[in-house]
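The values are calculated or read from the model by the stated rules, or taken from the named source; none is laboratory data. The model shown is predicted, which means the values in this text are computed figures rather than measured ones. Neighbour counts are summed over all protein chains in view; Cβ atoms, including those assigned to glycine, are modelled from backbone coordinates with ideal geometry.
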Amino acid sequence: MNVYRVVFVFLFISCFLNAQEAYFKAGIENVDGNVPWTAKAFNNATGNFKFAIISDRTFGHRPGVFGKGSIVNPLKMRYFYLPGNHDVTNPVMTKEWEKRYGHTYYHFLYKDVLFLVLNSMDTFSEIGDEQYSYFKNVLEQYSHVRWTFVMMHHPLWNYRNSGFERIESLLNDRYTVVAGHRHRYSQETRKGNNYIVLGTTGGSGRLRGPRMGEFDHITWVTMKDDEPSFTNLTLEGVLKPDIATKDDYKNIKALSNAAAFKSISFRNKDQSRGELVFPIYNSGSDTLYFNGQLFDHSELTYGKNAWNLTIPPQSNRSIQIPWDYRESAPNDSDNKVSIAPIKLFYKIGYKPMTDLELPLALEGVKDFEIFSPSNLISFSERAVFLDNMKFEMKGALANAKLHYTLDGTEPNMDSKVYKDSIFLDHTTTVKAKLILADGMETEVVQKTFKKTALLKSLNIKGLSKGWVHYDFYEGAFNKVGDMNGLEAIRSGKVRNFNVTEIRDPVKNKFGVIYMGFINVPKSGMYCFRSTSNDGSILSIDTIQVVDNDGIHGKVTKKGFVALEKGLHSFTLKFIGKRFEEVLSWDFKLLNDDHEFQEVKSDIIYSY
């Protein structure tokens with residue numbers, strides 16, 4: 001880790017403060033001459049002052065955007081550093097930060113304005129007791145300043161049990177909170193004050209535009225006599241501080257979902273013609289506008305190639321693209337995949353209230369495969385039951401009916417049409433397809449619902465309560481199965497599933513296999529959930545129950561298994577390829593009023 005990476009690549013929220021040194025009062029002492037700011041002078045003689053905030057640069061950063069930390073050196077003003085999750089993820093990185101900059105959290109006073117610089121990675125997205133006590137004393141000492149800025153990397157007010165609410169309760173009624181981490185800009189008023197989550201300054205993101213909160217910028221702050229004002233500066237221009245607010249989130253999410261354009265393919269019996277359909281759902285609170293135009297296709301002709309329509313709130317419209325081959329149809333299925341995709345240029349969004357506002361809108365080119373699977377048809381998630389169950393299907397589409405069979409035959413226009421939940425009392429394979437009035441249909445989608453029995457509990461004596469065995473592996477694993485056949489580099493017993501406690505503090509590519517027993521309180525059908533970053537797989541009595549495999553962020557997956565009351569063996573496999581590892585699992589008895597119970601030491605056992 002070189003100094004330039006610490007200065008810039010690992011930088012998330014940093015401030016340029018222009019003003020006079022005489023007004024500056026540091027809240028911390030030098031540690032071996034090191035402090036988390038540069039030694040440049042302030043350069044402003046007025047009572048007011050200005051500073052800029054630089055947002056997320058790291059994690060999937062783009063070449064050419066602030067690529068060298070040495071750009072800090074020529075600056076004529078002071079530069080303050082604040083750590084994020086790519087700076088102080090583990091004790092070794094924290095020690096290196098402290099070696100270079102002295103402190104991971106601190107405060108300073110400038111022109112009667114208090115700056116609190118928090119370490120949101122104190123105990124992994126949580127403010128610890130020592131840091132809380134530090135800022136409690138600071139706020140008691142400076143209770144009458146004219147304004148307070150609270151700077152942190154994670155937007156901890158959106159996290160459960162982060163400890164930030166303790167600091168928040170100490171703040172007066174004149175403060176502003178600024179964070180980053182999410183790579184999506186959002187402004188909100190909370191407790192009567194301004195809370196801002198910044199976008200990016202070169203970090204990863206889809207960059208779909210300011211109204212989506214996805215843009216590169218720096219935030220320019222002017223501290224006036226009564227309160228600060230904020231402006232977001234981009235290469236394209238100046239954006240107001242409420243360009244994307246928390247109140248916009250419903251329509252932002254609705255627009256993202258509407259622009260997913262999940263399609264489904266219909267074909268006639270001889271595959272000579274077809275129709276591609278994708279519904280547009282408007283779950284937002286305003287009217288959605290859609291404009292689409294198809295590109296010419298070398299192999300297909302279209303029955304319609306342009307659309308201009310509106311979708312009222314809480315409703316949907318379907319775009320139908322009838323197509324025929326310009327010449328003869330392919331003779332076999334192998335040729336189908338060689339057909340170039342249908343290309344659609346689109347604009348979709350909500351109209352602004354005034355001509356001066358930027359629209360909340362998206363535009364681009366979408367490719368549709370004409371032989372895409374029937375991904376609009378889905379079944380109830382649970383596929384096992386004890387005595388009986390009701391299952392549901394989803395696949396509603398204008399002008400199409402969802403036909404199904406329960407006897408293993410392929411559905412046709414004479415098969416039953418799905419209208420309501422279906423009762424099952426024996427193992428059944430359900431097959432379904434959507435069929436249009438002219439007979440064109442989708443491919444068959446099927447799922448087997450299995451009647452099962454309770455897995456018998458185990459009668460094992462002499463187990464140690466509160467412990468779980470683990471085997472630890474090192475390697476850059478992409479799947480849990482990559483550990484198969486390897487020899488563990490060490491084994492042991494622990495009382496929890498905190499993987500950070502057993503991995504090497506400076507190596508982030510590893511795998512762990514936990515093995516033990518869990519005591520379930522009642523007999524019945526259970527839902528188990530695994531939450532992990534990166535991948536995990538949970539098995540009960542050698543049966544895989546939850547598949548949360550792969551390299552991904554924090555994701556929760558669930559599965560179902562029928563268990564008899566008592567002890568059952570479990571295996572929980574985990575792989576990590578990045579810092580910020582997360583692993584937890586919980587369970588719940590179906591049709592029970594209790595909430596999910598996290599698996600902890602009080603119900604686990606080991607040899």
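List of remarks:
- Single condition ILE489 does not satisfy, out of (1) crowded, with 18+ Cβ neighbours inside 10 Å; (2) under 30 Å from THR123 (Cβ atoms); (3) over 32 Å from the mean Cα position of the chain (by Cα): (1)
- LEU109 modelled with pLDDT of 90 or more, assigned to a strand (DSSP E or B) and more than 19 Å from SER169 (Cβ to Cβ): yes
Yes/no per residue for (1) surrounded by fewer than 19 Cβ atoms within 10 Å (Cβ to Cβ); (2) touching a Gly at 6+ places or on another chain (Cβ under 7 Å); (3) of a type in the set (Asp, Glu):
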residue: LYS394; (1), (2), (3): yes, no, no
residue: ASN399; (1), (2), (3): yes, no, no
residue: LEU402; (1), (2), (3): no, yes, no
residue: ASP407; (1), (2), (3): yes, no, yes
residue: GLU410; (1), (2), (3): yes, no, yes
residue: ILE460; (1), (2), (3): yes, no, no
residue: SER464; (1), (2), (3): yes, no, no
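- Residue within the stretch 192-199 that is among the β-branched types (Val, Ile, Thr), within 28 Å of ASN257 (Cα to Cα) and outside any strand (DSSP E or B) present: no
- Screening VAL178 with (1) buried (at least 20 other Cβ atoms within 10 Å of the Cβ); (2) in contact with a helix residue (DSSP H, G or I) (Cβ under 7 Å, 6 or more places away or on another chain) gives one miss only, at (2).
- Any hit, the stretch 478-501, residues being at positive phi, in a loop (DSSP other than H, G, I, E, B) and in contact with a Ser or Thr (Cβ under 7 Å, 6 or more places away or on another chain): no
- Residue within the stretch 211-220 that is surrounded by 20 or more Cβ atoms within 10 Å (Cβ to Cβ), more than 26 Å from the chain's Cα centre (by Cα) and not assigned by TED's automatic domain parsing to the domain that holds GLN320 present: no
- Being within 27 Å of the chain's Cα centre (by Cα) and either at pLDDT below 95 or part of a strand (DSSP E or B) (or both) is a description that does not apply to GLY516.
- When residues of the stretch 454-465 are limited to those that are part of a loop (DSSP other than H, G, I, E, B) and touching a strand residue (DSSP E or B) at 6+ places or on another chain (Cβ under 7 Å), the one nearest to LEU589 (Cα to Cα): LEU454
- Residues that are at pLDDT below 95 and among the charged types (D, E, K, R) within the stretch 448-473 comprise just one, LYS461.
- THR556 being surrounded by fewer than 15 Cβ atoms within 10 Å (Cβ to Cβ) and either in a strand (DSSP E or B) or acidic (Asp, Glu) (or both): yes
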